[in-house]
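Novice: To start, I am sharing the structure in question, which I have written as structure tokens.
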Amino acid sequence: MASDNLFDGLQAAAFDTVTAIMGYSAVWQPSDGSPAQTARVLLKNPTEPQKLADQEYDPYRYTMEYKMGVFPGLKQSVDANGTEEVTISGASYYVRQVHARFDGKTMTATLEVKQ
């Protein structure tokens, strides 16, 4: 669905540019056996011992940001207590939560390193 709001187009272009330059390749293999899905995502790995954004510092908490429409079904599976995993640059993570952020066009997934 196309938007007539100039900001929506600029926002999408900016997100695409940032993920292309500073993002990482991510692969989600759905636990239901559906085909693997790939996308460029932003990965946040906090290393500073301070409050970051709206979360307390946790050296084991990673977050992945991606555009709404990427990884369709991931949020629904996690919300239904599905055990989902993503691989980002060769490292595997469990997806613990997925939330829509800001205006609902950016998804943030809380990750835990798979050990």
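Novice: Residue by residue through segment 1-30, note down the ones that are touching a helix residue (DSSP H, G or I) at 6+ places or on another chain (Cβ under 8 Å) and either in contact (Cβ under 8 Å) with a residue 60 or more places away in the chain or surrounded by 15 or more Cβ atoms within 10 Å (Cβ to Cβ) (or both).
Specialist: Matches in segment 1-30: W28, P30.
Novice: Scan segment 63-91 residue by residue and report those that are farther than 18 Å from D32 by Cβ and over 9 Å from the mean Cα position of the chain (by Cα). Before the answer, list the steps.
Specialist: Filtering segment 63-91 down to residues farther than 18 Å from D32 by Cβ leaves 63-69, 88-91.
Within segment 63-91, M68, G69, I88, S89, G90, A91 qualify.
A short reminder: the numbers here are calculations on the coordinates, not readings from a lab. No experiment lies behind these values; they were computed from the predicted model shown. Every residue, glycine as well, gets a Cβ built from its backbone with ideal geometry; the counts of neighbours run over all protein chains shown.
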